[in-house]
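Values in this text are rule-based calculations from the coordinates and carry no lab data. It should be emphasised that the depicted structure is a prediction, and the values quoted were computed from it without experimental measurement. Glycine also receives a Cβ, built like all others from the backbone with ideal geometry; neighbour counts cover every protein chain displayed.
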There are 2 protein chains.
Amino acid sequence: MELLDGKLVSKQIKEEIAVTVNKMKERGEKVPHLAAVIVGNDGASLTYVGSKVKACKLVGFESTLVQLPSTTSEVELLRTVKELNENDEIDGFIVQLPLPKQIDTQKVLMAIDPDKDVDGFHPTNFGKMALDMSTFIPATPFGILELLERYKVETNGKHTVVIGRSHIVGRPMSILMGRKGFPGNSTVTLTHSHTKNITQIISQADIVISALGVPNFLKAEMVKDDAVIIDVGISRVPDESAKRGYRIVGDVDFENVSKKASYITPVPGGVGPMTIAMLMKNTLLAREKHMLARK
Amino acid sequence: MELLDGKLVSKQIKEEIAVTVNKMKERGEKVPHLAAVIVGNDGASLTYVGSKVKACKLVGFESTLVQLPSTTSEVELLRTVKELNENDEIDGFIVQLPLPKQIDTQKVLMAIDPDKDVDGFHPTNFGKMALDMSTFIPATPFGILELLERYKVETNGKHTVVIGRSHIVGRPMSILMGRKGFPGNSTVTLTHSHTKNITQIISQADIVISALGVPNFLKAEMVKDDAVIIDVGISRVPDESAKRGYRIVGDVDFENVSKKASYITPVPGGVGPMTIAMLMKNTLLAREKHMLARK
């Protein structure tokens, strides 16, 4: 069994980006600039956005944090989005989800300039992805592809089973694994809450990508020998011995499944840390795109 | 076995649209107007476009045929697209594919205003489809959904196997069958040229959607009892007894598979005739959207 070590790989990616940014500086070029918009005071959201800003500093990007009160109206948020679209200093930006109830999330995501949509959630970018065009791939799926690529995990002709059809992970992952090229060319089955005989389907998988959010859902007896296991689940379970009173667990019974798997991502330290690294990579791509557009 | 009779259903749909158009006329409203652009003199393309114009007449739409010489440059075609985008008289338009070699097809499709893209090929519309938003669904997949809906074929929790990952049929079909709602909520497996053990996968399918283009590929021994069979293949095979010297056959060995299937589409007369009917439906939707936008 080999660990797909997201902590290690994400560190490498950030170092590679830092090298690129340094070269940009040496050439006197403007460095990539990411903006993050957060509405309200949700603790988890603040933590996520904080990590993104921290990662920007680490790789040498400029960053701007736009904090808006929880009472912000849709019109006000749309105005902020428009300003960021029009601001030439900003290469890419994200609007941290979830948004307060008074705001239509879809409307806001639709208002982001696709060329600055480093989260890859805009329909134009999502459609480009599904039509095999070059675009921003949402960070979590992009991170999974990067892990498979760096560890040279064979995907060609393999049967990949994706569990969960969310817009952020399951749906894009199911599309990406079936695209031409590497990582891709898999036969892909997308399963979800309406799937019957899910254990039978999983038992056939060469690669399992689980984005269900149910702790310890995937057991050793459910998977094939030498299967590749990608665990995207993040759940908090109470744990008195932990400082915060909980610990983070994935969808996979790691202790037992890891004995059977050929490759497996741990939780934490697998897919999670890759997400922010890939957001940095998308921001770098956005900068490079903008430079090309201006030539 | 029940026939999914595309010839019959497409006729019904066109009649329903004609009724709606008549009511529009009675209210003194502008009727839907479809434009079709064709570049060059490809025989099959001219036939397809001709059928679309004929269908417009039948349902009471206005139609405009823009015929350009095969020597048309990309710039010239893009200018035509721009004119159609800006022409308020035109509700929707299509650019008939394939285009001559000197023209970048992707660039042309990208230039079409998504609100007039009744073929549903623009990335923005494709992305909306993949993100469960309301949009124009490409005509062939839309026609398959309509057949499943009108015949009340159960799709919820069923295992749908799609054969072929083209942008026009396989890829969108795999997405649509896994979306929430009806027809949808299927567990979907997308297979393609890199798929191994394809017969084993097909043998598990409750619903098979074949868009391979290989005559008589799908044999009775490959499918489950009572499977639903959707045949999207269209191949010409030489036939001296036929007037034109060939006949049209699908991917499915209809004679034998039909004895095992619960529902099956014939070729011709199944999915084929649905395509033009759904293009008419998308054009009607485009008209209704434009009316709403002006209110």
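For the stretch A:131-143, in order, what is each residue's ³J(HN,Hα) by Karplus, 6.51 cos²θ - 1.76 cosθ + 1.60 with θ = phi - 60°, in whole Hz (x at glycine and Pro)?
Working through the residues one at a time gives 9, 6, 9, 6, 6, 7, 8, x, 4, 5, x, 4, x Hz.
Describe numerically, in nm with one decimal, the distance between label points set 7 Å from Cα along Cα→Cβ at A:Tyr246 and at A:Asn22.
A separation of 3.9 nm, rounded to one decimal place.
Rounded if a/c is under 1.5, else prolate if a/b beats b/c, else oblate: with a ≥ b ≥ c from the C-alpha gyration tensor eigenvalues square-rooted, which is the protein assembly as shown?
oblate
With an 8 Å Cα cut-off and a minimum separation of 6 or more residues, compute the relative contact order for chain B in percent.
That works out to 21 percent.
Read phi for every residue in the stretch A:203-216 and hand back ³J(HN,Hα) as whole Hz from Karplus 6.51 cos²θ - 1.76 cosθ + 1.60, θ = phi - 60°, with x for Gly and Pro.
Running phi through 6.51 cos²θ - 1.76 cosθ + 1.60 with θ = phi - 60° gives 5, 8, 7, 7, 10, 10, 10, 9, 10, 9, x, 10, x, 6 Hz.
Can you pull out the trypsin sites (Lys or Arg not before Pro) in the stretch A:16-52 that DSSP calls coil and that have at most 14 other Cβ atoms within 10 Å?
Loop-located and lightly packed - A:Arg27, A:Lys30.
Once the label point is placed 7 Å from Cα along Cβ, list for A:Glu16 the distances to the corresponding points in the other copies, in nm, shortest first.
5.1
With 10 angstrom as the radius, rank A:Asp91, A:Asp253 by how many other C-beta atoms surround their C-beta, starting from the fewest.
A:Asp253, A:Asp91
How high is the relative contact order of the stretch B:27-113, in percent, with contacts defined as C-alpha pairs under 8 Å that are six or more residues apart?
Rounded, it is 40 percent for the stretch B:27-113.
Filter the cross-link list A:Lys219/B:Lys260; B:Lys11/B:Lys116; B:Lys25/B:Lys180; B:Lys219/B:Lys281 down to pairs whose alpha-carbon distance in this structure exceeds 29 Å.
A:Lys219/B:Lys260; B:Lys25/B:Lys180; B:Lys219/B:Lys281
R0 = 41 Å: FRET efficiency of B:Lys54 with A:Ser166, Cβ-based, nearest 0.05?
Computed FRET efficiency for B:Lys54 and A:Ser166: 0.40.
Which length gain, in nm to one decimal place, applies between B:Lys259 and B:Asn87 when the Cα-Cα distance is subtracted from 0.36 nm times their residue separation?
Full extension from B:Lys259 to B:Asn87 adds 56.8 nm.
Is the stretch B:139-274 rounded, prolate or oblate when judged by the Cα gyration tensor, a ≥ b ≥ c being the square roots of its eigenvalues, rounded requiring a/c under 1.5 and prolate requiring a/b larger than b/c?
Because a/c hits 1.5 or more and a/b exceeds b/c, the stretch B:139-274 counts as prolate.
With respect to the cross-link table entries B:Lys7/B:Lys158; B:Lys23/B:Lys57; A:Lys289/B:Lys107, which display a Cα-Cα separation exceeding 22 Å?
Too far apart for the 22 Å limit: B:Lys7/B:Lys158.
Taking the DSSP beta bridges in the stretch B:139-274 as the whole, what percent of them are antiparallel, to the nearest 5?
Here the antiparallel bridges make up roughly 20 percent for the stretch B:139-274.
How far apart, in nm, are two points set 7 Å out from the Cα along the Cα-to-Cβ line at B:Met133 and at B:Glu221?
Each label point lies 7 Å from its Cα, and together they span 4.9 nm.
Based on DSSP loop calls and a cut-off of at most 10 other Cβ atoms within 10 Å, the longest stretch of chain B free of exposed GluC sites (Glu not before Pro) is what?
Between the exposed loop sites, the longest stretch runs B:90-239.
Give the span of the stretch B:27-113's Cα atoms along each principal axis, as three whole-Å numbers ordered largest to smallest.
Principal axes ranked by extent give 45, 28, 17 Å for the Cα atoms.
Considering only DSSP beta bridges whose two residues both sit in the protein assembly as shown, what percent are antiparallel, to the nearest 5?
Around 15 percent of the beta bridges assigned by DSSP in the protein assembly as shown are antiparallel ones.
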